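Below: one structure, written as structure tokens.
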Amino acid sequence: MKRSFKQLLPSAFALFVTLNSFAQTSKYKCLVQMNNYSGEAAYVVISLINPHGAYDKTLYVLGSDKQWYNTLKEWHKYQTKTRAKLSAITGASIAGGDRSVNVIELEDAKINKGYKLRFESAVEEQKYHVTDVEIPLTTEALTERATGGGYVRFVKLSKVQ
């Protein structure tokens with residue numbers, strides 16, 4: 001019995017190391033600078049989008065009042081199906097001209113594999129932007145400033161060391 005355990009130990013260790021390498025993540029500071037606009041504070045959702053264009057994971061939600069989540073129409077459809085717990089990745093909504101810095105966590109294995117970061121935004125009684133900002137999840141794009149097309153002026157990511 002001892003001999004078979006000794007033979008399995010290296011294989012078990014190799015499997016552990018392999019599985020652990022797939023779960024490696026990196027943290028990024030995410031600066032969201034809003035355009036100047038009048039009206040209520042915006043709700044912004046940061047989502048990971050898979051190579052097929054579907055939602056993979058919610059990374060952060062700027063806006064904590066659940067009654068307004070339905071204004072983020074496409075994400076809300078996804079969220080009501082998955083029912084993921086959001087309390088650990090939720091912060092305050094963000095007003096026109098303001099900025100917010102939050103930390104998001106990305107799986108290293110998904111970088112340079114066709115994934116994207118989507119910033120979806122909505123303001124009460126104003127236009128909804130399903131892709132206010134979309135950033136390809138590539139090594140190069142993660143270092144560049146991305147310009148928004150709605151309430152978000154720009155997004156800048158920087159890796160946390």
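The values are calculated or read from the model by the stated rules, or taken from the named source; none is laboratory data. Remember, it's a predicted structure, so these values are computed and weren't measured experimentally. Using ideal geometry, Cβ is built from the backbone for each residue, glycine included, and neighbour counts are taken over all protein chains shown.
Of all residues in region 88-146, those satisfying the criterion of being assigned to a loop (DSSP other than H, G, I, E, B) and among the charged types (D, E, K, R) are Asp98, Lys113, Glu124, Glu125, Lys127, Glu140, Glu144, Arg145. Ala88: among the aliphatic types (A, V, I, L, M) and at pLDDT below 95, yes or no? So Ala88 fits the description; yes.
Residue pairs whose Cβ atoms lie under 8 Å apart, sitting 6 or more positions apart in sequence or on different chains, and linking a residue in region 64-88 that is at negative phi and surrounded by 12 or more Cβ atoms within 10 Å (Cβ to Cβ) to a partner that is in a loop (DSSP other than H, G, I, E, B) and among the charged types (D, E, K, R), are Trp68/Glu124; Thr71/Glu124.
Scan region 62-78 and give yes if some residue there is closer than 26 Å to Val160 by Cβ and part of a helix (DSSP H, G or I), otherwise no. Yes, region 62-78 contains a residue that is closer than 26 Å to Val160 by Cβ and part of a helix (DSSP H, G or I). When residues in region 116-132 are screened for being buried (at least 20 other Cβ atoms within 10 Å of the Cβ), out of contact with any Ser or Thr (no Cβ under 7 Å at 6 or more places or on another chain) and within 15 Å of Asn35 (Cβ to Cβ), 3 of them pass. Considering region 133-149, the residues that are in contact (Cβ under 8 Å) with a residue 60 or more places away in the chain and under 23 Å from His76 (Cβ atoms) include one that is surrounded by the fewest Cβ atoms within 10 Å (Cβ to Cβ), namely Glu134.
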